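Q: For reference, the structure I am asking about is given below.
The values are calculated or read from the model by the stated rules, or taken from the named source; none is laboratory data. Because the structure is predicted, anything quoted here is derived from the model rather than measured. Because the Cβ atoms are built from the backbone with ideal geometry, glycine has one as well, and the counts that use them run over all protein chains shown. SASA here: full protein model, heavy atoms, side chains in, ligands and nucleic acids out. Shrake-Rupley method; radii C 1.70, N 1.55, O 1.52, S 1.80 Å.
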Amino acid sequence: MTSQKSKILRKLIAEKQLLVGVGAGDALGAKLIERVGFDFVWSSSLGVSASYGLPDASLISMKQYLEAARSMNEVIDIPVIADCDTGYGNANNVIYAVKLFEEAGIAGISIEDKKFPKDNSLLASGRQELAPLEEFVGKIMAAKDAQISKDFVVIARVEALIAGWGEEEALSRAHCYVEAGADCILIHSKSKAPDEIVGFVRSWDGQAPLVLVPTTYPQLTEEEIKDLGKVKIVIYANQPMRAGIKAQELLLEEIKKAGGIHTIEAMMVPVSHVFELQGVPEMKDKEKKYIY
Ligand code: SPV
Ligand code: MG
């Protein structure tokens with residue numbers, strides 16, 4: 001089990017031009033993503049911390065992120081890539097995180113080169129402090145040495161563009177992380193136009209494929225990303241969560257306004273759909289077989 005999902009992820013990386021994954025904060029969200037046919041689930045630190053109603057600022061513990069990713073992985077067949085923030089501390093914390101996430105069957109992790117505790121990358125007022133280069137290189141080396149299966153994927157996430165250090169710094173850091181053993185480079189940008197990321201991709205001549213998270217530059221389509229070459233993975237990190245919040249807020253306001261639940265049926269799925277998502281039909285089949 002442990003190595004199966006990372007094997008599946010490696011096979012997808014080898015065979016597909018572009019892997020498309022979507023972010024989830026819990027297992028139900030992961031199931032929805034799998035059913036539509038995406039390649040993998042991104043266990044999002046924004047999504048998981050939001051599920052606790054808390055900021056994405058290294059507040060909840062590594063074990064809470066681990067349990068969220070594990071619960072997603074347990075109910076889907078596609079791989080989970082876990083967003084492990086900064087690795088929860090120094091290289092010692094990274095080593096422990098790799099052990100636990102890999103044992104939980106998570107196919108790969110992403111760690112980012114910011115200082116712990118981090119702030120969410122898209123937060124306008126966020127503290128976007130980069131870790132010293134050597135410190136993060138040590139974390140990548142530690143992660144690669146700690147993994148048991150050769151297939152486990154370690155993504156190094158470069159936050160230099162987010163922190164305003166520019167393309168040159170981002171490129172040179174990315175090269176160092178590949179040298180340290182990173183399997184992929186996630187280059188993050190909060191620019192409202194794709195130009196910054198397109199510039200980086202065009203300049204990239206490193207050995208590892210790139211990962212993009214186009215939250216703030218949604219104009220960039222998968223076809224355009226494919227045409228750029230060099231990008232192997234795209235992550236839609238938070239769109240289902242944001243849609244869910246909007247739908248729930250509208251529904252709650254309508255209940256309050258209408259003074260009852262008599263006007264909202266068309267805004268919801270039937271309860272039978274919830275049962276189906278929970279795997280009740282499969283459970284009932286097993287009951288027929290095993291419960292007398
Ligand atoms: C996440 O989904 O938690 C991410 C992407 O890390 S971002 O929110 O853009 O930092
Ligand atoms: Mg995150």
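Q: With angles folded into 0 to 90 degrees, how steeply does helix 62-74 sit against the dominant principal axis of the chain? Use alpha carbons for both and round to 10.
A: Helix 62-74 and the main axis of the chain meet at about 60 degrees.
Q: Show 26, 145, 83 ordered by accessible area, largest first, where the area counts protein heavy atoms only and the probe is 1.4 Å.
A: Result, largest first: 145, 26, 83.
Q: With a ≥ b ≥ c the root eigenvalues of the C-alpha gyration tensor of region 160-292, is it rounded (a/c under 1.5), prolate (a/b larger than b/c) or oblate?
A: It is oblate, given that a/c is not under 1.5 and a/b is not larger than b/c.
Q: Determine ³J(HN,Hα), in whole Hz, for all residues of region 170-177 in sequence, where each value follows from phi through the Karplus function 6.51 cos²θ - 1.76 cosθ + 1.60 and θ = phi - 60°; x replaces Gly and Pro.
A: Once θ is set to phi - 60°, the couplings for region 170-177 become 4, 5, 5, 5, 4, 4, 5, 6 Hz.
Q: Also, I was wondering about something else. With label points built 7 Å along Cα→Cβ from the Cα atoms of residue 14 and residue 202, find their separation and express it in nm.
A: It is 3.4 nm.
Q: Still on this structure, I have one more. Test of understanding: in a Gaussian network model of the chain with alpha carbons linked when under 10 Å, which of 45, 149, 203 would top the mean-square fluctuation ranking?
A: Looking only at 45, 149, 203, the biggest GNM fluctuation is shown by 203.
Q: Would you work out which of 283, 176, 137 lies farthest towards the positive end of the dipole of the chain? Charges go on Cβ: Lys and Arg +1, Asp and Glu -1.
A: 283
Q: If you don't mind, there's one more thing I want to ask. Quick check: the distance between the Cα centres of region 130-145 and region 35-61, to the nearest angstrom?
A: Between the Cα centres of region 130-145 and region 35-61 lies a distance of 23 Å.
Q: Multiplying the sequence separation of residue 261 and residue 276 by 0.36 nm and subtracting their Cα-Cα distance, what value in nm do you get?
A: Working: separation 15, 0.36 × 15 = 5.40 nm, distance 2.29 nm.
The residue 261-residue 276 span can extend by a further 3.1 nm.
Q: Using a Gaussian network model on the chain with a 10 Å cutoff between Cα atoms, which of 152, 275, 136 fluctuates the most?
A: Between 152, 275, 136, it is 275 that shows the largest mean-square fluctuation.
Q: If ligands, DNA and RNA are left out, what is the accessible area of residue 271 with a 1.4 Å probe, given in Å² to the nearest 10?
A: 90
Q: Would you work out the charge dipole size for the chain about its Cα centre, treating the Cβ of every Lys and Arg as +1 and the Cβ of every Asp and Glu as -1, and quote it to the nearest 20 debye?
A: The calculated dipole for the chain is roughly 600 debye.
Q: Let's test the formula: R0 of 41 Å, r as the Cβ-Cβ distance of residue 223 and residue 245. What FRET efficiency results, to the nearest 0.05?
A: For R0 = 41 Å, the calculated efficiency reads 0.90.
Q: Let me ask something else. Could you work out [θ]222 nm for the chain from helices alone, using -39500 (n - 2.57) per DSSP H run of at least four and dividing by all its residues? Round to the nearest 500 deg cm²/dmol. Numbers along the way, then the final one.
A: On the way: 12 runs with 139 residues, N = 292.
Computed mean residue ellipticity for the chain: -14500 deg cm²/dmol.
Q: Kindly rank 56-62, 115-121 from highest to lowest mean number of other beta carbons found within 10 Å of each residue.
A: So the peptides 56-62, 115-121, ranked by packing, come out 115-121, 56-62.
Q: From the Cα gyration tensor of region 4-244, with a ≥ b ≥ c the square roots of its eigenvalues, which class applies: rounded if a/c is under 1.5, or else prolate if a/b is larger than b/c, or else oblate?
A: Rounded, since a/c falls under 1.5.
Q: Put a dot 7 Å past each Cα toward the Cβ at residue 193 and residue 230; how far apart are the dots in nm?
A: 1.9
Q: Find the accessible area per residue for region 1-153; the probe is 1.4 Å, ligands and nucleic acids are left out, and the unit is Å².
A: I get 41 Å² per residue for region 1-153.
Q: Residue by residue, what Karplus-based ³J(HN,Hα) values in Hz, rounded to whole numbers, does region 284-289 have, using 6.51, -1.76 and 1.60 with θ = phi - 60° and x for Gly and Pro?
A: So the Karplus estimates, Gly and Pro as x, are 5, 4, 5, 4, 4, 7 Hz.
Q: To check you understand DSSP bridge types, tell me what percent of the beta bridges within the chain (both residues inside) are antiparallel, rounded to 5.
A: 5
Q: Still on this structure, please answer the following. Please turn the phi angles of region 122-138 into ³J(HN,Hα) values with the Karplus equation 6.51 cos²θ - 1.76 cosθ + 1.60 (θ = phi - 60°), one per residue in order, whole Hz, x for glycine and proline.
A: 8, 6, 4, 9, x, 7, 9, 9, 7, 6, x, 3, 4, 4, 6, 4, x
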